[in-house]
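Novice: Below is the structure I would like to discuss, written out as structure tokens.
What follows draws every value from the coordinates through simple rules; no lab data is involved. Because the structure is predicted, anything quoted here is derived from the model rather than measured. When we count neighbours, we look across all protein chains shown, and the Cβ atoms used for this are built from the backbone with ideal geometry, even at glycine.
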Amino acid sequence: MKMNRQFWSVICFVCVIALIITGCSLGKSAKKTTEQGRQTEQMKQEEAARLAELAKEEEREKKWEEYATDGARVVYYLDKEGMTFPSKNMVQVWRKRVFPQRSPQKEIISLDVIDCVKQKYRSLIVQGVQWDGSSETWRKPSPWTTIHGDTAEEYILDHFCKEAESPEKTEKATKP
């Protein structure tokens, strides 16, 4: 009976130590979880604000100006009045591509961001319009895509990226 009591005392002691250790690590884990929760909540709020801003921009009536046509007879338009420069190397612009009659879709309207330095772009919002008038909208940013030469995207690089640069950078670039 004495050995049985010692055995259970050792088992209880080990369990108490295990609980203490687990309790300590749970406390640290809870702090990390709380901090991550705050960061996640802040990110959600920022994302919600960004989406609200995009929704406002999406509702604004666009003034389309033709700027390119490609070999497949796709006509490209942009909304120059709604063009913004979120940072010194970025251009954000609504674009519309109108496809020829025998294409599977009528047009694509997108809100695109062009990175002038990396020469890449991605779409934040894309709306596909079918010939029957139906449409579908995606609001998940696409991956960054390289801008190749002699494309509608290159036109934006060549004609609007200079506007995205800060005045200081423009001043330094023009000095001998």
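Novice: Just checking, does region 130-146 include any residue being more than 27 Å from E59 (Cβ to Cβ) and not in a loop (DSSP other than H, G, I, E, B)?
Specialist: Checking region 130-146: at least one residue is more than 27 Å from E59 (Cβ to Cβ) and not in a loop (DSSP other than H, G, I, E, B).
Novice: For residues that are in contact (Cβ under 8 Å) with a residue 40 or more places away in the chain and part of a strand (DSSP E or B), tally how many sit in region 79-96.
Specialist: 4
Novice: Could you please find all residues in region 57-88 being farther than 23 Å from P104 by Cα and among the β-branched types (V, I, T)?
Specialist: Scanning region 57-88 gives a single hit, T84.
Novice: I'd like the full set of residues that are of a type in the set (K, R) and either surrounded by 12 or more Cβ atoms within 10 Å (Cβ to Cβ) or closer than 21 Å to K80 by Cβ (or both), limited to region 119-151.
Specialist: The answer is K120, R122, R139.
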